[in-house]
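Asker: I am attaching a structure below and will ask some questions about it afterwards.
Every number here is computed from the coordinates shown, using simple stated rules; none is lab data. Since this is a predicted model, take the numbers as computed values, not measurements. Reconstructed Cβ throughout: ideal geometry from the backbone, glycine too, with neighbour counts over all protein chains shown.
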């Protein structure tokens with residue numbers, strides 16, 4: 001299959017890759033760029049494990065074609081911590097035992113950050129509905145919701 | 001020997017003491033930083049140089065003879081490096097072995113991994129291909145020509161038990177019947193557990209209620225699809241990176257189906273993206289190795305979500321009848337259960353493990369439990385968190401609710417009247433030791449949840465559960481490093497991230513050094529002796545016992561070094577607060593030698609210090625849980641909304657309390673999904689119709705409320721820190737507790753799972769019609 005050259009920005013760094021027309025952004029991240037922090041749980045947009053942002057919009061990387069990344073700004077889990085300083089959401093997930101096996105955690109963190117970008121003071125219900133696109137099979141969500149609300153509070157400085 | 005407790009088992013007595021690390025919540029969980037940054041490596045994240053992509057061709061038929069398989073066109077496709085079918089694996093005779101929480105037969109293990117004479121379910125592997133890209137591998141699958149003779153199939157357990165049902169195996173005669181039957185049957189085995197005389201018991205009852213229940217198969221639903229990389233080298237050795245709950249058992253089974261010696265294979269368990277019992281069997285591992293052997297390249301295989309649903313471990317769908325008799329003051333006189341369980345296409349459902357849970361938590365003199373292990377055209381069932389037990393509790397706990405209502409006794413009171421306690425004779429053999437069942441009920445009764453007022457169409461339910469904790473083979477090593485830090489190597493796969501923290505906590509407590517000085521790491525199969533898979537809630541309990549034993553072994557070595565330095569006898573040295581000290585003033589005046597000081601000198605004083613344990617743990621410890629739920633039923637849509645949920649569970653002793661509560665949360669929400677939505681749906685051709693998360697709907701964050709939890713601590717006397725298994729018990733009550741709450745809300749008793757909106761709506765309509773007719 002003929003490959004197309006794509007230039008994009010991921011976590012602030014410029015990347016070039018060759019991409020088949022059938023490859024998704026998820027395939028490109030994981031197989032071409034070895035950025036395996038973004039996970040595949042279903043490849044049909046139902047589980048949210050591959051959540052990334054594309055020009056600031058929360059998307060499932062499995063529902064975006066690699067070619068669509070051209071000229072876009074992509075943010076993945078690999079860009080969330082600032083050097084060795086974890087993002088408040090990452091710290092609060094650890095503190096509140098909001099992760100167990102961890103396979104859904106990168107997607108949930110990316111989705112939660114995207115929530116706090118638009119709503120820095122969400123209610124429990126708003127957190128639950130925003131994260132309804134991210135399946136976690138281990139935690140039962142209780143500690144995830146607690147961690148997101150606690151991180152939001154810390155980030156607001158209240 | 002199956003899962004019988006070993007007569008040579010290890011138990012370490014519980015020691016009541018003030019602990020510094022055990023019972024606290026560590027802030028630096030060993031796995032967490034890697035998981036929140038995306039750096040943790042799951043099997044699908046691992047790549048080997050030069051690897052190929054492997055894909056599996058699966059049967060589109062529920063039941064078919066395979067007349068022939070022609071792979072020549074696939075092999076001729078450019079980029080295809082190897083194709084394997086049944087012809088590439090040796091046939092194996094009948095040989096029964098333990099497969100984690102279920103029993104396996106190697107004749108069937110090899111047939112499940114790759115169909116031989118027949119395909120037995122939609123999704124059964126028929127061939128596998130390794131190619132230079134995924135697209136080429138997929139194209140090659142389409143070029144494989146399989147000539148099928150489609151056979152009549154059977155999906156449901158009651159249909160499969162019928163005398164005229166299509167037979168999956170003409171050579172299977174039901175075991176456990178005397179005299180042995182002369183006609184083959186889909187019923188693989190009849191199993192019986194008995195106590196007293198149920199007939200006499202029912203005669204002594206004032207009220208007997210008998211009800212039938214049906215539940216659908218459900219999937220564990222781990223978010224990580226199975227992935228394996230196999231690398232076979234010319235020297236006849238193989239390495240495997242895979243998603244597994246038990247790499248030693250995985251290696252043993254893989255070796256067996258490949259005809260290799262166990263020592264030739266090294267299995268490295270990658271970080272596990274959820275298993276819940278579903279990652280105990282082998283699926284891709286032998287295919288990847290065989291493809292690698294043929295192609296002389298590493299081969300990476302990962303399932304799609306569709307493949308996970310169609311071809312890996314759902315739990316059994318069931319047909320269950322429960323009968324309980326009580327005197328009018330609420331005392332149980334007899335209890336009977338008939339359990340008909342789908343085993344999938346090969347025998348070996350979870351009946352041997354779940355039958356003991358049927359009535360254990362009640363003191364009943366007369367009990368009869370009969371189980372039928374039934375094969376049908378579905379994937380071979382795998383364990384799923386307290387495998388098989390939620391469905392029995394669905395029956396038992398709702399029948400008790402009905403009895404309580406008829407007898408006008410409070411549902412918690414009726415359970416307290418019959419509650420099992422220390423000394424209660426179980427219907428599966430042993431008498432119970434000290435347990436916390438009564439405490440969970442009493443704390444439920446006193447809980448604020450019980451005081452909350454209910455509105456219209458809202459109801460409250462109560463249900464309880466028991467699950468036993470497995471022990472089994474367990475190994476661990478603690479290496480004391482020259483700088484005074486310790487490397488703890490464990491071999492019982494840490495499935496959720498809490499076990500390795502709890503291991504380090506127990507090791508820190510024993511050694512008397514800070515938690516941060518210990519790094520707990522998972523061993524591959526080369527690094528330690530055999531460890532049983534992480535099943536039966538055994539991880540922290542059994543693994544922890546091995547860690548404590550290894551730590552004590554290391555301490556003995558450190559005391560020996562101190563004795564050599566001080567030139568005294570070994571028994572004149574004791575270990576306290578992280579240092580060797582003279583046992584008494586008579587030994588002499590010596591400054592304590594810290595672990596770091598001893599570690600620095602140990603090499604010269606006899607050799608590096610390490611502590612080991614290679615044991616069979618038999619001190620599991622039964623665990624109990626009481627759940628309370630409030631639901632609201634939408635009479636327009638049939639939707640059941642969970643409003644409030646409370647879990648009270650005996651953890652023995654919680655090593656890492658916040659993680660123990662997190663296990664309660666997760667188990668209950670899986671149970672809520674099972675109760676309200678999840679089910680395998682098959683069409684009339686025996687093909688699964690909902691193999692994806694869109695149509696097989698597991699709970700999402702907006703489906704469930706916050707969950708209130710309380711840990712009861714009645715220490716397990718056979719564990720040094722009092723641990724009982726905590727992972728499984730709380731998936732058992734949700735089916736029953738929600739059914740009880742729905743009845744309380746709208747007066748309908750649901751006995752067919754799942755309690756999804758169409759079923760609730762129909763039951764409401766039926767009730768309204770009945771009322772109108774009256």
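Asker: Hey, got the average number of other protein chain Cβ atoms within 10 angstrom for residues in B:423-434?
Answerer: So the per-residue partner count for this stretch is 0.
Asker: Next up: How crowded by other chains is B:650-663, given as the mean number of beta carbons from other chains within 10 Å of each beta carbon?
Answerer: Across the residues of B:650-663, the mean count of other-chain Cβ atoms within 10 Å is 2.
Asker: If you project the alpha carbons of the stretch B:281-343 onto their three principal axes, what span does each projection cover, largest first, in Å?
Answerer: Answer, in whole Å and largest first: 73, 20, 17 Å.
Asker: Right, something else. When N is the residue count of chain B, what does its C-alpha Rg come to as a fraction of 2.2 N^0.38 Å?
Answerer: After normalising by residue count via 2.2 N^0.38 Å, the value is 0.99.
Asker: Can you give the alpha-carbon Rg of the stretch A:4-78 over 2.2 N^0.38 Å, where N counts its residues?
Answerer: 0.95
Asker: Quote the relative contact order of the stretch B:20-164 in percent (integer), defining contacts as alpha-carbon pairs under 8 Å separated by 6+ residues.
Answerer: 36
Asker: Report the dimensions of the stretch A:1-155 along its three principal axes from the alpha-carbon atoms, largest first, rounded to Å.
Answerer: 47, 29, 24
Asker: Please list, short to long, the whole-number percent of alpha-carbon pairs of the stretch B:408-494 in consecutive 10 angstrom bins beginning at zero.
Answerer: For the stretch B:408-494, the pair-distance distribution reads 11, 27, 20, 18, 15, 7, 1.
Asker: Using the eigenvalues of the Cα gyration tensor, what equivalent ellipsoid semi-axes result for the stretch B:1-49 when each is taken as the square root of five times the eigenvalue, whole Å, largest first?
Answerer: They are 35, 26, 7 Å, listed from largest to smallest.
Asker: Here's another thing I want to ask about it. For the stretch B:1-106, what does the alpha-carbon gyration tensor say about shape, rounded, prolate or oblate, given a ≥ b ≥ c as the root eigenvalues, a/c under 1.5 as rounded, and a/b over b/c as prolate?
Answerer: Verdict is oblate for the stretch B:1-106.
Asker: Can I ask one more? Run a plain Debye calculation on the stretch A:88-156 (Cα atoms as equal point scatterers, no solvent) and give log10 I(q)/I(0) at q = 0.11 Å⁻¹, rounded to two decimals, same order as the q list.
Answerer: Normalising to I(0) and taking log10 leaves -0.20.
Asker: Counting other C-beta atoms within 10 Å, which of B:771, B:224 has the fewest, and how do the rest follow?
Answerer: Ascending number of Cβ neighbours within 10 Å: B:771, B:224.
Asker: Let me ask something additional. Using only the Cα atoms of the stretch B:354-404, what do you get for the radius of gyration and for Dmax, in Å?
Answerer: Rg then Dmax for the stretch B:354-404, in Å: 13.3, 40.
Asker: Give me the distance in nm between label points sitting 7 Å out from Cα along the Cα-to-Cβ direction at residue A:14 and residue A:68, one decimal.
Answerer: 2.5
Asker: Mind giving me the FRET efficiency for residue B:211 and residue B:18? R0 is 56 Å, r the Cβ-Cβ distance, nearest 0.05 is fine.
Answerer: 0.65
Asker: Translational diffusion coefficient of the stretch B:77-164 at 37 °C, 0.692 mPa s, Stokes-Einstein with Kirkwood Rh over Cα pairs, in µm²/s as a whole number.
Answerer: 210
Asker: Have a look at the stretch B:224-304 and give its Rg and Dmax from the Cα atoms, expressed in angstrom.
Answerer: Rg and Dmax of the stretch B:224-304, Cα atoms, are 11.6, 36 Å.
Asker: Let me ask something else. Could you list B:731, B:96 in order of exposure, starting from the residue whose Cβ has the fewest other Cβ atoms within 10 Å?
Answerer: Ranking B:731, B:96 by Cβ neighbours within 10 Å, fewest first, gives B:96, B:731.
Asker: Between residue A:44 and residue B:556, how many nm apart are label points set 7 Å from Cα along the C-beta direction?
Answerer: Label-label distance for residue A:44 and residue B:556, simple model: 5.6 nm.
Asker: To check you understand DSSP bridge types, tell me what percent of the beta bridges within chain B (both residues inside) are antiparallel, rounded to 5.
Answerer: 75
Asker: Counting helices only, and only those DSSP H runs with n ≥ 4, report the 222 nm mean residue ellipticity of the protein assembly as shown as the sum of -39,500 (n - 2.57) divided by its residues, in deg cm²/dmol to the nearest 500.
Answerer: Mean residue ellipticity at 222 nm (helix-derived): -8000 deg cm²/dmol.
Asker: Based on other C-beta atoms within 10 Å, arrange B:724, B:58, B:251, B:264 from fewest to most.
Answerer: Fewest-to-most Cβ neighbours within 10 Å comes out as B:264, B:58, B:251, B:724.
Asker: With contacts defined as alpha carbon pairs under 8 Å and 6 or more residues apart, what's the relative contact order of the stretch A:4-78 in percent?
Answerer: 39
Asker: Stretch residue B:773-residue B:203 to full length: gain in nm at 0.36 nm per residue minus the Cα-Cα span?
Answerer: Length difference between fully extended and current span is 201.7 nm.
Asker: How long, wide and thick is the protein assembly as shown, going by the Cα atoms along their three principal axes, in whole angstroms, largest first?
Answerer: Here the spans come out as 85, 81, 66 Å, largest first.
Asker: Name the residue, out of A:114, A:51, A:70, whose mean-square fluctuation peaks in a Gaussian network model built on chain A with Cα pairs under 10 Å.
Answerer: Looking only at A:114, A:51, A:70, the biggest GNM fluctuation is shown by A:70.
Asker: Two decimals is fine: what is log10 I(q)/I(0) at q = 0.20, 0.23 Å⁻¹ for the stretch B:528-627, from a Debye sum with one equal scatterer on every Cα and no solvent?
Answerer: Debye output, listed in q order: -0.93, -1.10.
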